[in-house]
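The values are calculated or read from the model by the stated rules, or taken from the named source; none is laboratory data. Just so it is clear, the model here is predicted, and its values are computed rather than measured. Cβ placement follows ideal geometry from the backbone for every residue including glycine, while neighbour counts extend to all protein chains displayed. Quick note on the areas: whole protein, heavy atoms, side chains included, nothing else; ligands and nucleic acids left out. Shrake-Rupley method; radii C 1.70, N 1.55, O 1.52, S 1.80 Å.
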Amino acid sequence: MLEHLGPELFNGLVLGAFYAIVAIGLSLIMNLTGTINMAHGSFMTLAGYLAFAMISRGTSFWFALLVAPLLTVIVGVVVERTLIRPLYKREPFYSLLLTFGLSLVAEEVFHLIWGANGVPLSPPANLSGTVQLGFMSFPAYRLFIAGALVVAIVALALFLTRTRFGLRLRAAVQDTEMIAALGTNTQVLYMVNFGLGIFLAGIAGVLAAGLLGLSPTSGNALLMPAFVTVIIGGMGSLFGSIAGGLLIGFAISLTTLFIPAASEVSMYVLMAIVLMIRPRGLFGEEGIFG
Amino acid sequence: MSSSRLSRGSFVRASSAAIAGATIGIPAFIPRMGEAADAIKIGLLEPATGVYAADGENELRGYQMAADMWNGRGGVMGRKIELVKEDDGNDPGIGAQKARKLMNQDKVVALAGTVSSAVSLSVSGAANAAGMLFIDSGGHTDDVTGKDCKWNTFRTCHSTWMEAHATGYSLAKKFGKKFHLITPDYAFGHSLETAYKDVLTRIGGTITGSDLTPLGTTDFSPYLTKALAGKPDVLLVLVQGADFVNCMKQIDSFGLHKKIGIGGPQAELEAVQSLPKEARVGFFGIEWYYKSDKVLGKSKTAHAFVRDYTKLHSTAPSARSAFGYVTMDRLAAAMNDAKSTDSAKVARALEGAKFGSIFEGTAYFRKEDHQLMWPMWFGEVRREGANGDKDDLFDITDVHQADSIEQSIADKAKICTLSYP
Amino acid sequence: MTPALRTALVIGGLLALAPLVLPIVHLDVSIVSEVLLFAIAAMSVNLLLGYTGLPAFGNAAFFGLGSYGAALSIKYAHVHFIEAVLVGTLAGLVGGLILGPFLLRRRGIYFGLLAIAFGQVFYFIAYRFTSVTGGEDGMNFARPYVGFPNVHFSLNEMSFYYVALAIYLGIVALFSVVAVSPFGRTLVAIRQNEVRVRYLGINTDRFIFVALLISSTIAGLGGAMFALLINFAYPLTLDWHQSGDFVLIMILGGAGTIWGPLVGATIFVIGKDIISTITPLWQIFLGALFIACVLGFPKGILGSIAAFRDRRALVGAASAPDAQTPLPRGTS
Amino acid sequence: MVLLEATAIGKRFGGVIAVDDVSASVHEHSIHAVIGPNGAGKTTFFNTLSGFYFPDGGTVHFDGREITRMPNWQRVAAGMGRTFQTPSIFPELTVHENLQLGIWSQAGQAFRLRGGTRAQTQAVEARIDELLGFVNLASSRSRLVAELSHGSQRLCEIAMSLSTSPKIVLLDEPMAGLAEAETERIVGVIRDLRERLGLTVLFVEHNMRVVLSLADRITVMDRGRLLAEGTPNEISANEAVRDAYLGREVVDHV
């Protein structure tokens, strides 16, 4: 049992990084505009399929990894401008319902274009082997994913803390009224913010496609853990999402190893425990009802 | 358990048909309310959406071919067969609801279809409550002809028990009697595990380990290292869908198939087509195959079926297509024999009647549990197509007769008693 | 007779006569039973979301618990119809008691997320606990007799429908009473301004908890009846997609209205049935319905009708002298 | 006698210290004002007293009990009523319905699942009449609150805060955003709170003229700290307070 501990913990790390990056995207969108994006998983799937389509037409994996998320962002921004924008002043459950409907439509469109069953998206050949690292070996693609996700998260953190736009974004999360008064065009801010969330989903979507396979519903598998990540980490906290994601990743990998039957439920148990101790999540901001 | 990927061509057809369906939908719906009264209406429940949509489509094609064949010969008792199709949505609730609709409003005389086992069971119950014949063409769970067996319910495809036994015997013969199992941790996996344990008890083999993996497991490497450590002769991969793909890819990257035997209960053509080449390894159970003399033999019907189907749909028929064809063909024949569409009479006519169909040899629905007793095949998956046919992905090596792989009548009697009203 | 009672009698009467019309429109009576049961489930959402303003996105958990409560009690305790319904209803209540303390801690989006996430726990339990629940394959059972001492009779689809109708109208009656009670008014006030309610000395947590228990009990009742309608219990009834359907039904009909859930359920259930018969692409239509409903009918069908009436009433009132003064701009 | 006493209150949000070691004593039957320039932390301080937030440090005593971490709804039962800067009301309900809730709450009837008896209803109606009479809103009884003018909404909110029969009323910037005439109405009502109902009033206010004319005692805050406390005369003479208000608006107004 214990000899599997190392590899399983590493798996937890990779899984956790996925949850974190999806959760950060969700959380960005949720915090600024109060939109619960149930179609987030569909955007991941879309990016995966776009990458698949590009690779099967001969482009390299690397090109697809970069371009497919960008194309997905374009779709995302169009969706935001046309469908989600009218809801910003309304209660959040409207956006939830709308994006839920959107995910149903998306699933069927993927089904029509790419078929009901999974399609293969293979990572590049030089990432398909295993890497020997001291006492254990790791699948190379997983190592790469871990690295890529870390790079993406660090880049995002730098963007949010070092650039003018990022600072405005963070200020706007605190107080939308104030940022409007300062003269930032909130509509552009909302759009870029949404695009950013979708871009992260897109990156995760392409990387996940190589790992988990690709089918019309495959992105949805990451949606629920990402929600739980947001809850555990606390809304509005980048660091919370990272910590929450990793925590869930490790919880799942450890229960998979020791109590397989509880692996799906483990993250919910974790969530219940965190909420009992800290109702706002690990790094959540104080609210009115504290 | 798996489904096919629509090819480019069929996508274009499917979408244009869908658009046509959507635009002329309402008028197309109205004639259903009052069509020719003398047609024999059969209600078909197949998933048109979700993960099993492609399986559903292939079963429907099989049904249609058999119905067309009977209608071409003048129908059943001089009446045409009319298929009334409903989408079961992969949801047992919708399945039961649609079954009622077909029985009470469309006045069908029998129900057939389903891919998901849960839907098979719920439709079986709904049909039973109404005293209506139902043939499960594609839901594999043992319970349909096991502890949930019903007088009105028959099943065409093999049970998981049959799949496990066919592959268990063949793998033991080929590689040895020490098995290691990678089992998905839900109902389907558990029943396969039980069945393989039964195989090993019969032949005196051992299980070196059985790992329950949760749905959505992405990294099988810990299980694979663990499996290898137990030095089994055979590694059985029981996981399905995306998990199966991941597991097979890792088996390939570890080169495990060069060290021990790799096998699984069943492989479907469409699923293998959609696998990346590096995951196409191992030996599996095959429920029907379009390109092997061991399956088709000298059966003229079989060769004609493959030829006509390929011509009509520009793609090879799968086991799913065969389930649909056999089901519809037997249903029509039984009505013809019974000279009635009454469910009880047709059920009696189906029981035990030997027939030849689109495979070598004969088969029959067992009287005691209503399971179709027909052969199951075994073979290796090819990485590339053979004989200039990219779809020719199986190399069939063994045939198992149904009696040798399904539970005996005595064993079945302990869990299943059919009682007619 | 009050107008509300008259409406209730008319709708109740129409529903009682509905089976006579069904064959003409090519519908089976069991689908109208399903409409009523989904309306009941949507009413449970309505109490939390429509009245109290809490995004109840996990009510399928209670619905499914009711379903499994009935199914398990029939399968393992061989109980009769009424007992099975009671066990299912209690299962819903127990679900509310378990989740309540967690859900109460947050409001708004966070409440919605918690409701979805905790609801999934029950889904996975049903899915995983194969030996008891049948797991993915679900549980098949025969509809039990309605058993009284010395009398047993079985329910066919038609009599089942009237039982469902009686339950539905009972819940409608309950809602009509509660909606105008101080408790119901307080829930509506919580939706509009919870902080103010607390500063009126009211422990809103307690109200929300009770509303949640009523909601989960009603959902459990609906779920138990649903299992008895299809004689089957399965994990998907617990899934958050099912919750989404209930929310849609409620919004579609009109949030915070008595008859909205019935209107929504009629359109949703029967519409889905008809469209899925016509085209395999029905899921696109369903998704489009979600989108259209949110963008086009945010108040739902009944809400839009009421708003239209109100607007006319307001236009009529505009000629009256208006004491309203223009709002000065805030200084802070 | 001191009715409400705050001792060394501290409150921070993230890295920002909003209130730092502020104390204040509100005497029974007094009108007490909290003033300070923008960002002085007076509203935050006020909110820690009313239980909108809990302070990070310090204690709050009310009517002889410690209430530092008492939930807001319990403070109301203990005898505290409050209003908000932007009127906090139920916009989609009528004035009448807005007032019902607090009365039910105080009478312990809010949890009833059915309508009340005739006697109960009559008692509630009589109380509503009384409250509306006090704030002079009787003519708007059955109107939707959303339709009322800003000043009337504020009066309605004050009536709501009275519906639970408080000992002290906490008003957060009661004149904010009001026209001159409406300000006078509110000033009159605040005076009446003490004169006619014998209540204690604590209010946060921007309008210096109003504060100086209305308050018995004034607490001045600046940048989260206590700057001065005293009578209106003491405060308007205080150098530090003058410095804090850069525009010398205190002097101009006196």
Expected single match for surrounded by fewer than 24 Cβ atoms within 10 Å (Cβ to Cβ) and in contact with a strand residue (DSSP E or B) (Cβ under 7 Å, 6 or more places away or on another chain) among A:G34, A:G48, A:G6 is A:G6
Scanning the range B:134-152 for residues that are touching a residue at least 60 places away in the same chain (Cβ under 8 Å) and more than 19 Å from B:D411 (Cβ to Cβ), the one most open to solvent (accessible area, probe 1.4 Å) turns out to be B:W151
Note: among A:V230, A:V206, A:V274, A:V269, just one is crowded, with 23+ Cβ neighbours inside 10 Å, closer than 22 Å to C:V121 by Cβ and modelled with pLDDT of 80 or more, namely A:V230
Given (1) open to solvent by 20 Å² or more (accessible area, probe 1.4 Å); (2) not in a helix (DSSP H, G or I), C:L90 misses just (2)
The condition from (1) modelled with pLDDT under 95; (2) under 23 Å from the mean Cα position of the chain (by Cα); (3) open to solvent by less than 60 Å² (accessible area, probe 1.4 Å) that B:V326 misses is numbered (1)
Has the range B:301-314 got at least one residue that is touching a residue at least 40 places away in the same chain (Cβ under 8 Å), surrounded by 19 or more Cβ atoms within 10 Å (Cβ to Cβ) and in contact with a strand residue (DSSP E or B) (Cβ under 7 Å, 6 or more places away or on another chain)? no
Counting only residues in the range C:116-152 that are within 29 Å of C:L212 (Cβ to Cβ) and among the β-branched types (V, I, T), the one most open to solvent (accessible area, probe 1.4 Å) is identified as C:I125
Counting only residues in the range C:197-219 that are over 25 Å from the mean Cα position of the chain (by Cα) and not aromatic (F, W, Y), the one farthest from the other protein chains (Cβ to nearest Cβ) is identified as C:V197
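Condition first: of a type in the set (V, I, T) and over 16 Å from C:F141 (Cβ atoms). Now tell me which residues in the range B:120-140 satisfy that.
B:I135
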Screening D:T121, D:T86 for residues that are surrounded by fewer than 22 Cβ atoms within 10 Å (Cβ to Cβ) and either assigned to a loop (DSSP other than H, G, I, E, B) or touching a strand residue (DSSP E or B) at 6+ places or on another chain (Cβ under 6 Å) (or both) leaves only D:T86
All-but-one check, C:H80 against (1) within 11 Å of another protein chain (Cβ to nearest Cβ); (2) of a type outside the set (D, E); (3) in contact with a strand residue (DSSP E or B) (Cβ under 9 Å, 6 or more places away or on another chain), failing number (1)
If we ask which residues in the range C:273-295 are of a type outside the set (A, V, I, L, M), open to solvent by less than 50 Å² (accessible area, probe 1.4 Å) and more than 8 Å from chain A (Cβ to nearest Cβ), their number turns out to be 5
For the range A:244-268, the count of residues that are without any contact (Cβ under 8 Å) to a residue 60 or more places away in the chain and under 21 Å from the mean Cα position of the chain (by Cα) equals 6
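Look at A:L222 and say whether it is at pLDDT 90 or above and buried (at least 23 other Cβ atoms within 10 Å of the Cβ). Even if it seems obvious, please write down each step before you answer.
Working: at pLDDT 90 or above: no; buried (at least 23 other Cβ atoms within 10 Å of the Cβ): yes.
When the stated conditions are applied, A:L222 does not pass them.
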Among (1) open to solvent by 30 Å² or more (accessible area, probe 1.4 Å); (2) closer than 29 Å to D:L227 by Cβ; (3) outside any loop (DSSP other than H, G, I, E, B), D:V34 falls short only on (1)
Against the definition (crowded, with 19+ Cβ neighbours inside 10 Å and of a type outside the set (S, T, Y)), how does A:V67 come out, yes or no? no
The lone condition A:Q132 fails out of (1) within 14 Å of chain C (Cβ to nearest Cβ); (2) without any contact (Cβ under 8 Å) to a residue 40 or more places away in the chain; (3) in contact with a Phe, Trp or Tyr (Cβ under 9 Å, 6 or more places away or on another chain) is (1)
When C:R311 is run through (1) open to solvent by 50 Å² or more (accessible area, probe 1.4 Å); (2) more than 11 Å from every other protein chain (Cβ to nearest Cβ); (3) modelled with pLDDT of 90 or more, the failure sits at (3)
Condition set of a type in the set (S, T, N, Q) and open to solvent by less than 10 Å² (accessible area, probe 1.4 Å), scope the range A:236-266, selection nearest to the other protein chains (Cβ to nearest Cβ): answer is A:S263
Selection from the range B:232-252 of residues closer than 19 Å to B:F283 by Cβ, out of contact with any helix residue (DSSP H, G or I) (no Cβ under 7 Å at 6 or more places or on another chain) and open to solvent by 20 Å² or more (accessible area, probe 1.4 Å) yields B:D233, B:Q240, B:F244
